[in-house]
Amino acid sequence: MRFDSAALRPFRTGAVVALGLFAAGVALRPLEAPAWQSIRAGQPALRLESLKDALGQGVTVGLLGGFRAIVADLFWIRTNTIWEGNDLPGTQTSIKLVTAIDPRPLYFWLNGSRMIAYDMPNWRIDKAGGYDAVPDAVKRRFDEEQSSVAIKYLENALEFHPGEPLLILEIANVHLNRLKDNETAAKLYLEASRHPDAPFYAARIHAELLRKLGRNAEAYAFLKQLHPTLPTNDIGAMPDVVLGRIRELEEEMGIPETQRFQPRHASAPVLPAAPPAP
């Protein structure tokens, strides 16, 4: 039997490619293990106790490797679907599962804590009969219980993101908006404001809470110290607003004109230099 060489050419090509890939695989085998170790070393350790429920849903810990971000994104989509159904235990479990898989994105921690602290008390009130039927004491208990869960969740986030001001601010927001605890919130806003990457509003809210607590002298001293540090060309810094609050406190405290705060710089945007005259 004769074989047409042209007919055999595709098979020869495939054999050569397969042999080449095999040879490349053998050659790269010594590099494979160190590469995977390097990938895994740069990722937070998996918390197996947090993932045990997911294992029964087909998530294999050994296969996550460098795909943890993708797996976490998929589970976050699933979390939103559960959240839309007002499923409290399902949402809470799924939120924690996402950050157990990949604790690096702040987005998961921040939005997960908001679901727990702000949405879930409302779900519980609706399930108990609605706002008109549920006593205020029970509403308060729901707020306190869900706020406690959210705060612990955010404190867990700080283990992965030490000193992160946005996480500290989120804890402060829960104390302020859900628990109505101005004292603790003021301390947390101050703590966050000391971080170099903190948003400017953290310091302003701290001062406003001091005023609400009746600590005007402390707020005045803080704002006077704050104002000279604020850039005049950053819209978020709002030096004019801070100066206005200083003046309000001076009026409330009856500080004489001669003793009032004198800003070191004009509270106006810095304009670009004019081009030289021809």
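The values are calculated or read from the model by the stated rules, or taken from the named source; none is laboratory data. Since we're looking at a predicted model, the values are computed, not measured. Methodologically, a virtual Cβ is constructed for each residue, glycine included, from the backbone with ideal geometry; neighbour enumeration extends over all protein chains shown.
Checking each residue in segment 221-231 for being part of a helix (DSSP H, G or I) and in contact with a helix residue (DSSP H, G or I) (Cβ under 7 Å, 6 or more places away or on another chain) picks out Phe222, Leu223, Lys224, Leu226, His227.
Report, by residue number, each residue of segment 137-183 that is closer than 24 Å to Ile125 by Cα and of a type in the set (Asp, Glu).
Step one: of segment 137-183, the residues closer than 24 Å to Ile125 by Cα are 137-154, 170-181.
Passing the criteria: Asp143, Glu144, Glu145, Glu170, Asp181.
If you go through segment 71-90 and keep only what is under 18 Å from the mean Cα position of the chain (by Cα) and either of a type in the set (Phe, Trp, Tyr) or within 17 Å of Gln146 (Cα to Cα) (or both), you end up with Phe75, Trp76. Being at pLDDT 95 or above, over 18 Å from Met120 (Cβ atoms) and surrounded by 18 or more Cβ atoms within 10 Å (Cβ to Cβ) is a property that holds for Leu188.
Give the residues of segment 196-220 that are in a loop (DSSP other than H, G, I, E, B), at pLDDT 95 or above and closer than 19 Å to Pro231 by Cβ, sorted by residue number.
Step one: filter segment 196-220 for residues in a loop (DSSP other than H, G, I, E, B), giving 196-200, 213-215.
From the residues that got through so far, the ones that are at pLDDT 95 or above too are 198-200, 213-215.
The answer is Ala198, Pro199, Phe200.
Given the conditions (1) closer than 24 Å to Leu188 by Cα; (2) buried (at least 16 other Cβ atoms within 10 Å of the Cβ); (3) of a type outside the set (Ser, Thr, Tyr); (4) touching a residue at least 12 places away in the same chain (Cβ under 8 Å), which single one is not true for Gly163? Of (1) closer than 24 Å to Leu188 by Cα; (2) buried (at least 16 other Cβ atoms within 10 Å of the Cβ); (3) of a type outside the set (Ser, Thr, Tyr); (4) touching a residue at least 12 places away in the same chain (Cβ under 8 Å), only one is false for Gly163: (2).
Checking the structure you have, find out if any residue of segment 243-250 is at pLDDT 95 or above, outside any helix (DSSP H, G or I) and not aromatic (Phe, Trp, Tyr). The answer is no, given that none of the residues of segment 243-250 is at pLDDT 95 or above, outside any helix (DSSP H, G or I) and not aromatic (Phe, Trp, Tyr).
Kindly indicate whether Leu176 is free of Cβ contacts under 8 Å to residues at least 40 places away in the same chain, surrounded by fewer than 15 Cβ atoms within 10 Å (Cβ to Cβ) and at negative phi.
It is false that Leu176 is free of Cβ contacts under 8 Å to residues at least 40 places away in the same chain, surrounded by fewer than 15 Cβ atoms within 10 Å (Cβ to Cβ) and at negative phi.
Here Ala69 passes the criteria (1) free of Cβ contacts under 8 Å to residues at least 24 places away in the same chain; (2) loosely packed, with under 15 Cβ neighbours inside 10 Å except the one numbered (1).
What are the residues in segment 143-152 that are of a type in the set (D, E, K, R) and surrounded by 16 or more Cβ atoms within 10 Å (Cβ to Cβ), if any? Can you show your working first?
Here is the first cut: in segment 143-152, the ones of a type in the set (D, E, K, R) are 143-145, 152.
Once the filter is applied, which keeps residues that are of a type in the set (D, E, K, R) and surrounded by 16 or more Cβ atoms within 10 Å (Cβ to Cβ), segment 143-152 yields only Asp143.
Filter segment 230-242 down to residues that are among the β-branched types (Val, Ile, Thr) and at pLDDT 95 or above and give me whichever is farthest from Gly163 (Cα to Cα). Talk me through it step by step, then tell me what you get.
Going residue by residue through segment 230-242, those that are among the β-branched types (Val, Ile, Thr) are 232, 235, 241-242.
Filter once more, so that each one left must be at pLDDT 95 or above: 241-242.
On the way: Val241: 27, Val242: 25 Å.
Result: Val241.
With respect to the conditions (1) within 16 Å of the chain's Cα centre (by Cα); (2) assigned to a helix (DSSP H, G or I); (3) closer than 30 Å to Thr229 by Cβ, Pro162 falls short on a single one, namely (2).
Look at Pro276 and say whether it is more than 23 Å from Ile205 (Cβ to Cβ), modelled with pLDDT under 95 and either assigned to a helix (DSSP H, G or I) or not polar (S, T, N, Q) (or both).
Numbers: more than 23 Å from Ile205 (Cβ to Cβ): yes; modelled with pLDDT under 95: yes; either assigned to a helix (DSSP H, G or I) or not polar (S, T, N, Q) (or both): yes.
Yes: the conditions hold for Pro276.
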